[in-house]
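Below: one structure, written as structure tokens.
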Amino acid sequence: MRIEIREVDETNIEDMISVCNPPTISEAYKKGVEIKRAWLLEMLRTYGDVGFVGYFNGKPAVQLLTYPEKADPTSLKRENVLVVNCIYNPLLEAQRKGIARTMVEKLIEKARGKYEFLVTHAFETGEFLSQAEFFKRLGFREITKEDLYYSFSGRELKEPYSGFWKGGEEYKRNDKDIGKVFLFYEPTCPFTYLWAQRSKEIVKEIAPELEIRMLNGWEHPEEFVSRGRNWMLVNGIPIKSLPIEREKFREELVIAIKT
Ligand SMILES: CC(C)(COP(=O)(O)OP(=O)(O)OC[C@H]1O[C@@H](n2cnc3c(N)ncnc32)[C@H](O)[C@@H]1OP(=O)(O)O)[C@@H](O)C(=O)NCCC(=O)NCCS
């Protein structure tokens, strides 16, 4: 068994991306990957790092994606916060061998002295060990079921979340959003583009007359933040379910269109 952990640089970006690839790669997913690749390069060239890849017997198996909070124009932009976007080890034979733990330990070593806090929105996917359970084991403090942070100084972090994920707040239905659909994706994850694209197709089937705008949240921070960081709005109503939830999603759309 051979385990190697490498920082991501311009030579192994594709390895990082490949860890998350689904078995079937659609055109929309490919487009999401293009967006992520460009974003990774920009992060590397501007800030120098974006996390780690763990290799198991030479194969890229685990990824840990990070960026400085100030890089995210939709966030609170704090200098002393590093965002841990996600960690993922989907390769069964590479699991429970200490790879993910070692990667986070390396991250902690590297970030010490440079940042005061690591913040994560440990979204639950239902796969393997949840990110929240995992980060708790690594000494992160749990704030909500999915929001955790790690403090180097021992101090508390007043607003213990980062930008994107503080979803669904501070939005009041606005006249200018009536009759329109807004879909926001993020450059950090090709799945968000894939979902946005699928959602767009479903809306076109149900209500072809609606105007649809599909936007990169990082490139249109004002549009995104002013809409309460909701990933989808139909007729000025935030949509909570995902297109993979099929009937539930369609039902939610139909109600929003009629409201
Ligand atoms: C969390 C995750 C990264 C852990 O990866 P890993 O390389 O197997 O983890 P490690 O071998 O370093 O184990 C870390 C700790 O978690 C425990 N652990 C790992 N998998 C576990 C499981 N399935 N059940 C219970 N505990 C588990 C280990 O025992 C270890 O505990 P310890 O260090 O306190 O003794 C992996 O389970 C995963 O990818 N989960 C899904 C996360 C996810 O949804 N990410 C977002 C994708 S978009």
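Below are the figures for this structure:
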quantity: Efficiency of FRET between Glu156 and Leu210 - r from beta-carbon atoms, R0 51 angstrom, step 0.05; calculated: 0.70
quantity: Extension gain, Lys248 back to Asp175 (0.36 nm per residue minus Cα-Cα distance, nm); calculated: 23.7 nm
quantity: Fully extended contour minus Cα-Cα distance, from Phe128 to Thr259, at 0.36 nm per residue; calculated: 43.3 nm
quantity: Carbon and sulfur %, accessible surface of segment 3-151 computed with the full protein complex present, 1.4 Å; calculated: 49 percent
quantity: DSSP bridge pairs, segment 110-251: antiparallel proportion in percent, nearest 5; calculated: 65 percent
quantity: Arg141 versus Lys97: modelled label distance in nm, points set 7 Å from Cα along the beta carbon direction; calculated: 3.6 nm
quantity: Ranked packing of 179-189, 39-49, most packed first, by mean Cβ within 10 Å; calculated: 179-189, 39-49
quantity: Segment 1-58, Cα convex hull volume normalised per residue, Å³; calculated: 73 Å³
quantity: Estimated distance in nm for a label pair at Lys31 and Ile202, the labels positioned 7 Å out from Cα along Cα-to-Cβ; calculated: 1.7 nm
quantity: For segment 1-33 and segment 78-99, distance of Cα centres in Å; calculated: 14 Å
quantity: Stretch gain in nm, segment Glu105-Leu41, where the contour uses 0.36 nm per residue and the Cα spacing is subtracted; calculated: 20.6 nm
quantity: Hydrodynamic radius of segment 175-258 per Kirkwood, over alpha carbon pairs, in Å; calculated: 12.6 Å
quantity: Lys/Arg +1, Asp/Glu -1 at C-beta; the chain dipole; positive extreme among Gly139, Val33, Gly217; calculated: Gly139
quantity: Label-point separation, Ser241 to Leu76 (7 Å along Cα→Cβ), nm; calculated: 3.4 nm
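The values are calculated or read from the model by the stated rules, or taken from the named source; none is laboratory data. All of these numbers come straight from a predicted model, not from anything done at the bench. Cβ sites come from the backbone with ideal geometry, for glycine too, and all protein chains shown count toward neighbours. Surface areas here come from the heavy atoms of the whole protein model, side chains and all, with no ligands, DNA or RNA. Shrake-Rupley method; radii C 1.70, N 1.55, O 1.52, S 1.80 Å.
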